[in-house]
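Here is the structure we will look at.
The values are calculated or read from the model by the stated rules, or taken from the named source; none is laboratory data. Given the structure is predicted, the values throughout are model-derived calculations rather than measurements. Here the Cβ positions follow ideal geometry from the backbone for every residue, glycine too, while neighbour counts run over all protein chains shown. Ligands, DNA and RNA are stripped out before the accessible areas are found, and what is left, the full protein with its side chains, is counted by its heavy atoms. Shrake-Rupley method; radii C 1.70, N 1.55, O 1.52, S 1.80 Å.
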Amino acid sequence: MEADERRQFELTTLPHLDAAYNLARWLTRDEHAAEDTVQEAYCRAARYFKSFRGGDGRVWFLSIVRRVTFDWLEKRRSQEALPFNEDLHDQSDESANPEFVAIRKCDEATVRQALEELSPLLREVIALREIEGLSYQEIATVTQVPMGTVMSRLSRGRSQLQQRLAASQEGGSA
Amino acid sequence: MNCEEAVSLLQPYTDGELDLVRHLQIEQHLQRCAACAEQEQHLRSLRVAIASPSLRYQAPESLRARLQAALPSETATPIVVRKRSMPAFQLATMAAGVLLLVGMSATMGMLLSHPSSLMDERLADAVFADHVRSIQVDHLTDVVSSDRHTVKPWFQGKLDFAPDVPDLSEHGYTMSGGRLDYLVDRPVAALVYLRRLHAINVFIRPAANEETKAVRSLTRQGFHIRQWQQSGMAYWAISDLNDEELDEFVRLFRAALPQATL
Ligand SMILES: [Zn+2]
C-alpha cells in the first residue's frame, strides 16, 4: 500500500475503531478474540480498500468486522459443542408482535449478562442499534440483509432482552 | 390506524425510522389509545434501562499498536506534536487528519469566491478533520468539566467572542469540556458533549453575517454533521451518533441558546 493510499485507508477505518471493537467484543464476548478479529478485519479491509468507493467508512469497515467475527464464531462452534442459543442462523420465529413489559433501570452487570445471553444475531442487532446507534438502513448494509429482517431481529432481540431483565427484576432480592 | 398496525410500527416509531405521515398517524393513535400508549412506554423503558455508557467497549491502546504494526510501514513522515508526547502509532493517524486540514486551508483563498454551498462542503471537510483528530489523539478537551459554569469562563480572553455553553445533561448529553481549535485557519471554540461514549464536537465562531440559517445536514465517512447560523454565530455539530439523536441534540442545543435575535 502506498503512503498516500495508506493515509486514506487509515482515515477511513481508524476513526471507527471503537465501533469495530465494540461490535467484535459483543459478538465474541472475549477481549482477546475481539482484538484478533478486528485486526484480521483491518488487514482484510486494507486488501480490499481499492474496491471501496468512498462513502460511509463506518458501515464498510463494520461489515468486514462482522464477517470476520461470524467466521470466528462458526469455527469455534465446529470445535466445541455449543449450547442451543448459540445458533448463528436465523430461526424463522416471526412471532408477530412481541408484548412489552415495564422495565426499571437495571444495573450494568445485569444488562451485560442479559445481552450476552442473546444469540449472536440478536446481540449484533441490539449492539448496532442501541449501543452504536446505527439506523435500520445502516444495519441492513452492515449485516447484508433486507430492512425487514433487521426489524424482525430487533423486535425479537428487544423482546427477549426485556423478558430476561424483567425476570431478573422479579427474581432478584435487590 | 388500528391497534394491530400501530403496535407493529411502535419500534420504528420510537426509533425515529418512520416517514412523517405514518409518524403522525401513530402519534394520533397513541393519544387516543391507552393500551398502545402503555406498550410504547414499556418499549421506551427498555431503552432507558439499558442506556449505560459503559456498555460500549472502547478499543484498547494495545489494539491500535497492533494495527499499526500489522500493515507494512513505508511512511515515516515526521510530525510536530502539540502538547504531550504521543505514541508513534497515533502520530500516523493524526498526520492523515493534519494533512487533510493543510490541504483545505491552501484552497480556502480561492474558495471564498465560490458559492456558499461549496464553501460549506469544504468547511465540513475541515470539521470532519478536526473531529477525527480530537478523538484520535486523546485531546478532546483543554478544560475538563461537566459544569458549564467552569467551561464558559475558560474561553474568556482566549477568543474574541464568548460562546454560549448550554447544559443538556438532563437530556442525556453530558458536558465533557471544551477546547480551543482551529477551523481552517480561524480560531473556534469547541464544546464537547458525550452520549453513551459517543463524542459530539460543537464548533462555534462568529458568522460572517447576521442572517439566521436553517440547519443543514452533511455527512463525512459515517460521521454526521449539522451546520447552522443563529444570533450572529455559526455552529457545526459533528458526531458518529445516529441522525435521530444528533438532530435531537441540535434541537435542544438551539433551544438552549439565548433567543434574543431569533
Ligand atoms: Zn391501540
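In region A:32-55, the qualifying residues are those that are in a helix (DSSP H, G or I) and small (Gly, Ala, Ser), and the one that is farthest from the other protein chains (Cβ to nearest Cβ) is A:SER51. Taking region B:1-13 as the region of interest, how many residues are surrounded by fewer than 18 Cβ atoms within 10 Å (Cβ to Cβ) and either more than 16 Å from the ligand (Cβ to nearest atom) or within 13 Å of another protein chain (Cβ to nearest Cβ) (or both)? Count: 5. Within the bounds of region B:40-50, is there any residue that is within 12 Å of the ligand (Cβ to nearest atom) and at pLDDT below 90? Scanning region B:40-50 turns up no residue that is within 12 Å of the ligand (Cβ to nearest atom) and at pLDDT below 90. Contact map, region B:5-23: residues that are closer than 15 Å to A:ARG129 by Cβ paired with residues that are away from the ligand (no atom under 12 Å from the Cβ) and of a type in the set (A, V, I, L, M), Cβ distance under 6 Å, separation 6+ or inter-chain. Pairs shown: B:LEU10/B:LEU43; B:PRO12/B:LEU18; B:THR14/B:LEU43. If the condition is being more than 8 Å from chain B (Cβ to nearest Cβ) and open to solvent by 10 Å² or more (accessible area, probe 1.4 Å), then region A:1-31 contributes A:ASP4, A:GLU5, A:ARG29, A:ASP30. Taken as a whole, the condition of being surrounded by 15 or more Cβ atoms within 10 Å (Cβ to Cβ), in a strand (DSSP E or B) and among the small types (Gly, Ala, Ser) applies to B:ALA199.
Residues being among the basic types (Lys, Arg) and touching a Lys or Arg at 6+ places or on another chain (Cβ under 8 Å) are represented in region B:211-232 by at least one member.
With the condition kept exactly as written, say whether any residue in region B:17-39 is under 16 Å from A:LEU154 (Cβ atoms) and either surrounded by fewer than 14 Cβ atoms within 10 Å (Cβ to Cβ) or more than 11 Å from the ligand (Cβ to nearest atom) (or both). Yes, there is a match, as at least one residue in region B:17-39 is under 16 Å from A:LEU154 (Cβ atoms) and either surrounded by fewer than 14 Cβ atoms within 10 Å (Cβ to Cβ) or more than 11 Å from the ligand (Cβ to nearest atom) (or both).
Taken over region B:201-242, the residue count meeting the criterion of being in contact with a His (Cβ under 9 Å, 6 or more places away or on another chain), within 14 Å of another protein chain (Cβ to nearest Cβ) and not hydroxyl-bearing (Ser, Thr, Tyr) is 11.
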